[in-house]
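Every number in this text was worked out from the coordinates using simple rules, so none of it is lab data. This is a predicted model, so every value here is computed, not measured. Here Cβ is always computed from backbone atoms with ideal geometry, including for glycine, and neighbour counts include all displayed protein chains.
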Amino acid sequence: MLNTKKVDIIVPCYNEEDVLELFHSATQKVLGTIDGYDFRYIFVDDGSKDQTLGIMKTLASKYDNVKYLSFSRNFGKESAMYAGLKFSSGDLVVIIDADLQHPPAMIPAMLIELENGYDSCAARRISRTGESQVRSAFSSLFYKLNNKLSDVELVSGAVDFRIMTRQVVDAVLDLCEVQRFSKGIFSWIGFETKWMPYENIERSIGVTKWSFKSLVRYAIHGITAFSTAPLRLVMGMGFVISMFAFVYIIITLVKTLVTGIDVPGYVTTLSAVLFLGGIIVISIGILGEYIGHIFMESKKRPIYILKQTNLNSQNNRGTGNEQTERKDIQ
Ligand code: UDP
Ligand code: MG
């Protein structure tokens, strides 16, 4: 076919043996209805400890359009998505979760949006069924806080299910930070994005890889990766406290000069020491967060280390099916 567009479907997978085949057959069913596109899967095995890679290999032996990348260990979903993008060569690229929480049935409608001229089309959850109320409350607090503090605006409910043009993929790959925060990156690069709402689907097979602790860490990283507002906040806090302290010193001085030395002051002293101590430790924590980023980025470590793949790419030095190949980010 002449004008057939190539579409790469990137699927980050970590311990998804229970759902992977189901995901493939469900997606195949949807893609089978679409004409004019040449689809290819790039499954990324993010150091799974179960049979995920074995299933990928079986699928690859059955279907020519199934490719896989396998990491030397678990590097996290951000690394898996980056590797998939790096190895993609399609005119259009889809990123989708393996657990069927991102409905493959949305892909045809998303493709139409790109045909209509959008650079990217992304899914947005409009409900949070199955999620605990505490988690939802923290999540909405995060979005509010982020959009106040950060330079990049995040859309509430946005998930990592999107389709984009090659131009967008190349822009994402140009941001080569090691500690990646894709939601921020997609917003930062700009381009026209169409948001497609969908009802949240509970994970029916397998378990979520996110603990509450990892979500909090992700949220802090999200804010500090794209904004220095917390640092300015620390400085502002310092100015305000200094001003109050200055006024308080003057008042105390005048009082002492007029009425003599006032010995009791235990509560005031203790309160001031504890309050300032707290503020100082918080400030050091905020500074530490940024120093941590600098430290990690300055090492320039690879975002992932590839162990096996059946993919030939412009990024590959070898001829495919390599064992123990290192991929550097630059
Ligand atoms: N995932 C991954 N590496 C990880 C954790 C998750 O590649 O370290 C994949 C996982 O297999 C799934 C997707 O990322 O395809 C989303 O993960 P999960 O369903 O656990 O997240 P949630 O849907 O709860 O946000
Ligand atoms: Mg999920």
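Some notes on this structure:
- About the Cα centre, charge dipole magnitude for segment 62-135 (Lys/Arg +1, Asp/Glu -1 at Cβ), debye: 400 debye
- Dipole magnitude (debye, nearest 20) for segment 108-176, charges at Cβ of Lys, Arg, Asp, Glu: 460 debye
- Gaussian network model of the chain, Cα within-10 Å springs - most flexible of Y218, Y118, Y143: Y218
- Take the Cβ atoms of R73 and I249, set R0 to 41 Å, and the FRET efficiency comes out at 0.15.
- Cα convex hull, the chain: 165 Å³ per residue, rounded to a whole number.
- Fraction of antiparallel bridges per DSSP, segment 89-233 only, in percent to nearest 5: 55 percent
- Projecting the Cα atoms of T309, V254, H221 onto the dipole axis of the chain, where Lys and Arg carry +1 and Asp and Glu carry -1 at the beta carbon, places V254 farthest toward the positive end.
- Cβ charges +1 (Lys, Arg) and -1 (Asp, Glu), total dipole of the chain, debye: 680 debye
- Stokes-Einstein D for segment 131-212, Kirkwood Rh over Cα pairs, 25 °C, 0.890 mPa s (µm²/s): 165 µm²/s
- Karplus (6.51, -1.76, 1.60) ³J(HN,Hα), θ = phi - 60°, over segment 239-252, in Hz, Gly and Pro reported as x: 5, 4, 5, 4, 5, 4, 4, 4, 4, 4, 4, 4, 4, 5
- Counting beta carbons within 10 Å around each of T268, T27 and listing the fewest first gives the order T268, T27.
- Each Lys or Arg adds one and each Asp or Glu takes one away; over the other residues whose Cβ falls under 14 Å from the Cβ of F191, this sums to -3.
- Seen from E153, the other residues with C-beta closer than 14 Å to its C-beta sum to a net charge of +3, counting Lys and Arg as +1 and Asp and Glu as -1.
- Sparse packing (at most 10 other Cβ atoms within 10 Å of the Cβ) combined with a DSSP loop state is found for the following GluC sites (Glu not before Pro) in segment 164-215: E199, E202.
- Label zone (S127, point 7 Å along Cα-to-C-beta; backbone nitrogen cut-off 15 Å) within segment 190-214: 197-203.
- Loop trypsin sites (Lys or Arg not before Pro), segment 118-161 (other Cβ atoms within 10 Å of the site Cβ: 11 or fewer; DSSP): none
- Restricting segment 1-80 to trypsin sites (Lys or Arg not before Pro) that sit in a DSSP loop and have at most 14 other Cβ atoms within 10 Å of their own Cβ leaves K49, R73.
- Label zone at L175, where the point sits 7 Å out along the Cα-to-Cβ direction: segment 182-220 residues whose backbone N lies under 19 Å: 182-196, 217-220
- Prolate/oblate/rounded call for segment 1-133, Cα gyration tensor, a/c under 1.5 rounded: oblate
- Top of V178, V11, V258 by mean-square fluctuation, Gaussian network on the chain, Cα under 10 Å: V258
- When each of S88, S283, S214 is scored by the number of other beta-carbon atoms lying within 10 Å, the sequence from fewest to most is S214, S283, S88.
- Considering segment 188-275 at the alpha-carbon level, its Rg and Dmax are found to be 25.3, 76 Å.
- Most mobile of N74, N15, N116 in a GNM of the chain (Cα contacts under 10 Å): N116
- Among the listed pairs K29/K62; K57/K300; K49/K209; K5/K67; K6/K29, those beyond 20 Å (Cα-Cα): K57/K300
- For H102, H221, order by how many other beta-carbon atoms lie within 10 Å, fewest first: H221, H102
- A simple rule links phi to the HN-Hα coupling: the Karplus curve 6.51 cos²θ - 1.76 cosθ + 1.60 with θ = phi - 60°, which for segment 59-72 gives 4, 5, 6, 8, 10, 5, 8, 9, 10, 9, 10, 10, 7, 6 Hz, with x for Gly and Pro.
- Across the chain, the relative contact order, built from alpha-carbon pairs under 8 Å that are at least six residues apart, equals 20 percent.
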